[in-house]
Amino acid sequence: MKKMKRFSAALLVLGLGTATLFTQLPVRAAANTAVQTADPSIVTTNGIQGWPQASDISSTAAIVMETSTNTVLYSKNADQALYPASAVKVMTCLMALENSSLDDQVTMTATGVSGVTDGGANISAQLDEVFTMEQCLYAIMVASANDIALQVAEHISGSVEDFVAAMNTRAQELGCTNTVFTNPTGLPDENQHTTAHDMALIMEAAMANDTFRTIAQTTSYTIPATNVSGGDRVLTNNFTMINSSSDSYYEPCIGGKEGYTEASGSTLVCEASKNNMKLVCVVLNGASGVTDDEAIALLNYGFDNFTPLTLPDDDFNRLSGGTVIVPAGTGADALTTEDSSSDGQITRQYYFGGTPVGTAILENVEQQTDDAAATGQKNMEAAQNFSVSHTTAPYYIIGAIGAAFLLFFLFLMIRVIKS
């Protein structure tokens, strides 16, 4: 069965990685090719002129996004609202890291212990058991522990409800437009949803945190005996892409989370690093045991078909940016730009085929010149006002006297030269 799974995955990788080649070959009416590129109405990035063509996947929605520019390389139903399952725990951990210390003492209450019997994953935490926040974060990401997620929420905000409200506020701050959280665990709730694009933004923010990144790539973690438990708890991560003994191990992967409920199907969020790029991949509402291989295929499509392009520094006043993510072999002449000005700076957005691929921040030289001219005028007026206030002679008389002295000096210089 595993051999068949890997064979299917290999075909999918082949389809994504070589789709551009196939579309450039003549198509025979009677040909029955095994690999076909996806319709642009399904994989919308296929509709970008000059974009490497990708094939479809079986999961309902997916996205691949480069993290330094937020360039979307692959998009399928990326804005469709879907159930997130335990991908929610990425936000739970991010909130904990931003609002607590790793050595915080977290004591289990009835709130957290209720997660032991709620039908989801847990570490059998007991009433009054004490963990450090660091141990809690590993329990949430490595063991997907609902009991610990609930307790962390209460510990940080005083109640799960207040923590969830803070989660939604933070999601909006990150640019999420169609995400509603109702719990910190990801257990099914008809009102809880996210999108592949929103989840990519959340994952990108989380992976920018060094501690989260360390936790997200951990395959096994041990919680020593606590004040209640009699021995160690050894937690094992079931996220296949970071497990070197798994058929779905993916060496470039630097962290992620996978989940499943009957309502959500299989969900997966991850980040991978290769070829001087970091790519976030999100796959939502897939079949169990398939989303990891689809994520690998999508990441290979991204790494194989796109590259960072550092633009020539023609703008001597460029402050930051200037690197774009474009199809391999693309030159700067294929890009268009659009500038917007604010607070003395210009934001230059670069486009390829009408899609944004990177930005640069420039100094607004024209604005600085105008400011300098205005400052010079003010200084001149101040000097004139000073002269007027410190002499009884009118300002124009003082100026005339100065001019006379200058002419006399020039006259003497001319005589010296002639002699």
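The values are calculated or read from the model by the stated rules, or taken from the named source; none is laboratory data. Keep in mind the model is a prediction, meaning the values are calculated, not measured. Ideal geometry is used to build each Cβ from the backbone, glycine not excepted, and the neighbour counts take in all protein chains shown. The accessibility values were calculated without ligands, DNA or RNA, using every heavy atom of the protein model including side chains. Shrake-Rupley method; radii C 1.70, N 1.55, O 1.52, S 1.80 Å.
Laid out as a table, the results:
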| quantity | calculated |
| --- | --- |
| Candidates ILE296, ILE254, ILE215 - the one that is under 21 Å from GLN135 (Cβ atoms) and outside any loop (DSSP other than H, G, I, E, B) | ILE215 |
| Residue within segment 308-318 that is within 17 Å of ASN70 (Cβ to Cβ) and among the aromatic types (Phe, Trp, Tyr) present | no |
| Residue in segment 214-230 that is open to solvent by less than 30 Å² (accessible area, probe 1.4 Å), closer than 22 Å to GLU271 by Cβ and among the hydroxyl-bearing types (Ser, Thr, Tyr) present | yes |
| Selected residue [more than 25 Å from ALA263 (Cβ to Cβ), open to solvent by less than 10 Å² (accessible area, probe 1.4 Å), outside any strand (DSSP E or B) and not hydroxyl-bearing (Ser, Thr, Tyr)] from LEU137, LEU73, LEU127 | LEU137 |
| THR310, sole failed condition from (1) under 22 Å from the mean Cα position of the chain (by Cα); (2) open to solvent by less than 50 Å² (accessible area, probe 1.4 Å) | (2) |
| Qualifying residue in segment 173-184 (condition: under 21 Å from the mean Cα position of the chain (by Cα), in a helix (DSSP H, G or I), at pLDDT 95 or above and within 24 Å of SER75 (Cβ to Cβ)) | yes |
